[in-house]
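Asker: Please see the structure below; I have some questions.
The values are calculated or read from the model by the stated rules, or taken from the named source; none is laboratory data. The model shown is predicted, which means the values in this text are computed figures rather than measured ones. Heads up, the Cβs are rebuilt from the backbone with ideal geometry, glycines too, and the neighbour counts pull from every protein chain shown.
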Amino acid sequence: MTTVPVAGIRPGTPDQPADLVIRNAKLHTNDPRRPRASALAIRDGLIQAVGGDADVVPLVGPGTRVVDALGRRAVPGLNDAHLHVIRGGLNYVLELRWDGVPTLRQALAMLRDQAERTPPGQWVRVV
């Protein structure tokens, strides 16, 4: 997908312009009455309109980002619902998380502290 000026879609002056308009896309709506659409408008993280380009043009304002999907499929955010509840519940507090640790020195200090907190017979788990 690319963000480009789009012929035929000119900034208007709607009262509530969209933050984002995606056009020229293949969209599945999950609405059995209208399962497909080619454009949508989003404001404040909520969908304002779904349909064709003509349906979203009135929502284009001077600050609206217009994305031409170039006829490709647009997929809304993916939600990974896969989780291990039991493992998480039993072991989460035993896991050492190194996300964003900036230095090896800090990581090793965290590892030393975690080893001291880890009950006998348990592994130190680094994620």
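Asker: Here is a list: Leu90, Leu46, Leu111, Leu94. Which entry is in the same structural domain as Asp15 (by TED's automatic domain parsing) and of a type in the set (A, V, I, L, M, F, W, C)?
Answerer: Leu46
Asker: Restricting the first residue to segment 87-105 and requiring it to be under 13 Å from Trp123 (Cα atoms), which pairs with a second residue that is among the polar types (S, T, N, Q) and surrounded by 10 or more Cβ atoms within 10 Å (Cβ to Cβ) meet a Cβ separation below 7 Å and a spacing of at least six or different chains?
Answerer: Leu94/Thr118; Leu94/Gln122; Leu96/Gln114
Asker: Which of the following residues is in contact (Cβ under 8 Å) with a residue 12 or more places away in the chain, assigned to a strand (DSSP E or B) and over 18 Å from the mean Cα position of the chain (by Cα): Val66, Val50, Val57?
Answerer: Step by step, each of Val66, Val50, Val57 is checked, and only Val50 is in contact (Cβ under 8 Å) with a residue 12 or more places away in the chain, assigned to a strand (DSSP E or B) and over 18 Å from the mean Cα position of the chain (by Cα).
Asker: Name the single residue, out of those in segment 85-127 being among the aromatic types (Phe, Trp, Tyr) and surrounded by 11 or more Cβ atoms within 10 Å (Cβ to Cβ), that is modelled with the highest pLDDT.
Answerer: Trp98
Asker: Considering every residue within segment 28-47, establish whether at least one is surrounded by 10 or more Cβ atoms within 10 Å (Cβ to Cβ), part of a loop (DSSP other than H, G, I, E, B) and acidic (Asp, Glu).
Answerer: Scanning segment 28-47 turns up at least one residue that is surrounded by 10 or more Cβ atoms within 10 Å (Cβ to Cβ), part of a loop (DSSP other than H, G, I, E, B) and acidic (Asp, Glu).
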